[in-house]
Ligand code: NAD
Ligand code: IPM
Ligand code: MN
């Protein structure tokens, strides 16, 4: 049988830096675990714009549609701020998500014990935290029409439209309920049904899907603003949170700080099953291209490495190998190994991106 295939789109800024560490782990899996992957690499975001004048070529998209999983680093950067909106790096990422129909974005926030004192919240609040935000990723205000900047009388008006169909809500709700069954069996759905019609429909449809097929799962509803407050107050009340595209974007960045650093948070973007039964999938860290630290060897590669672990689990049924990678990360953190983002104001001596990758590799070796 052919090896599983991966397309690596490292992107911009720290994207290629953190992806270099993931590549070491992919090679390690082939050499030490007898699990070789066929890896191809291509450009996305600003890097693709520089080479081709577009943040995602049709040829790259076609490759992404064919492989078993895509690994993406990050896109964007100040260099591209001047570009027309239609060719900005972020458009390439959004097009990939939309065209691959990756509607269910899993963003886990897990607090490793070694970092519990480092979070901006108290140890008690975050220690042992393990929640999963399921963000709808292919619709809502990110994609709704009409959109644009128009002239209205003698001033301009900027318009985006929050739009959700029943089927779009139902499919992401199902994915959240299915996940909850494999976790602690609780889903909290977040919207703003108090002010938005799309929120009313969201609440109705989630409730209908629950009634019909998932009554064994505990379901609650919360307004998203209150949800943000509860995430900071007592995040351990949650197991799975399901929410729309924009609220999910905000809530997952907030959840990142529960874990200590944005450099820790992985994600999986999943679509419908392909012919081989695997979900169409792309894995990427939640963080961006971090222009403030790009090119300095300071980036934390853990979010990207944990994203590869999610690929092992969700695309390749290699849950044990995923746990092996996660345990290696946990061990390195417990040993006090820190990139700069994981040091508090009192400082300490940070190690580089590649030294962190090497430390994780050494922990993987020790696991054999
Ligand atoms: P960002 O996530 O790039 O950075 C926010 C802060 O977190 C910065 O101080 C950065 O140094 C720090 N940080 C992020 N990742 C880190 C890591 N791995 N290790 C250590 N520190 C890390 O967000 P931003 O500054 O708002 O956006 C910068 C660019 O990235 C923008 O162009 C934005 O559109 C883009 N972006 C891309 C993605 C993506 O590709 N998925 C996600 C978010 C933002
Ligand atoms: C994310 C990012 C993206 C988003 C941008 C870069 C398009 O912030 O993946 O969280 O808003 O979805
Ligand atoms: Mn974001």
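The values are calculated or read from the model by the stated rules, or taken from the named source; none is laboratory data. Here the structure is a predicted model, which is why all the values come from computation and not from measurement. For neighbour counting, all protein chains shown are included, and Cβ atoms are generated from backbone atoms with ideal geometry for every residue, glycine included.
Annotation for segment 267-283: at least one member residue is within 12 Å of ligand 3 (Cβ to nearest atom) and under 22 Å from residue 230 (Cβ atoms). Counting only strands (runs of 3 or more DSSP E) that sit wholly inside segment 209-294, those with at least 3 residues that are more than 16 Å from ligand 2 (Cβ to nearest atom), in the same structural domain as residue 169 (by TED's automatic domain parsing) and touching a helix residue (DSSP H, G or I) at 6+ places or on another chain (Cβ under 9 Å) are 218-223. Listed conditions (1) touching a strand residue (DSSP E or B) at 6+ places or on another chain (Cβ under 6 Å); (2) assigned to a loop (DSSP other than H, G, I, E, B) are all met by residue 40, apart from (2). Please work out which one of (1) assigned by TED's automatic domain parsing to the domain that holds residue 274; (2) under 23 Å from residue 62 (Cα atoms) is the condition residue 79 fails and give its number. Condition not satisfied by residue 79: (2).
Test residue 340 against the criterion of being free of Cβ contacts under 8 Å to residues at least 60 places away in the same chain, more than 13 Å from ligand 1 (Cβ to nearest atom) and either more than 30 Å from residue 139 (Cβ to Cβ) or in contact with a helix residue (DSSP H, G or I) (Cβ under 7 Å, 6 or more places away or on another chain) (or both), and give yes or no. No.
Residue count for segment 1-36, restricted to those that are outside any helix (DSSP H, G or I) and either buried (at least 18 other Cβ atoms within 10 Å of the Cβ) or not assigned by TED's automatic domain parsing to the domain that holds residue 320 (or both): 10.
Okay, residues lined up against (1) in contact with a helix residue (DSSP H, G or I) (Cβ under 6 Å, 6 or more places away or on another chain); (2) in contact (Cβ under 8 Å) with a residue 12 or more places away in the chain; (3) assigned to a helix (DSSP H, G or I); (4) under 30 Å from residue 341 (Cβ atoms):
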residue	(1), (2), (3), (4)
73	yes, yes, no, yes
124	no, no, yes, yes
160	yes, yes, no, no
167	no, no, yes, no
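Of the residues making up segment 80-97, those that are more than 10 Å from ligand 1 (Cβ to nearest atom) and over 23 Å from residue 281 (Cα atoms) are 82, 83, 84, 85, 86, 87.
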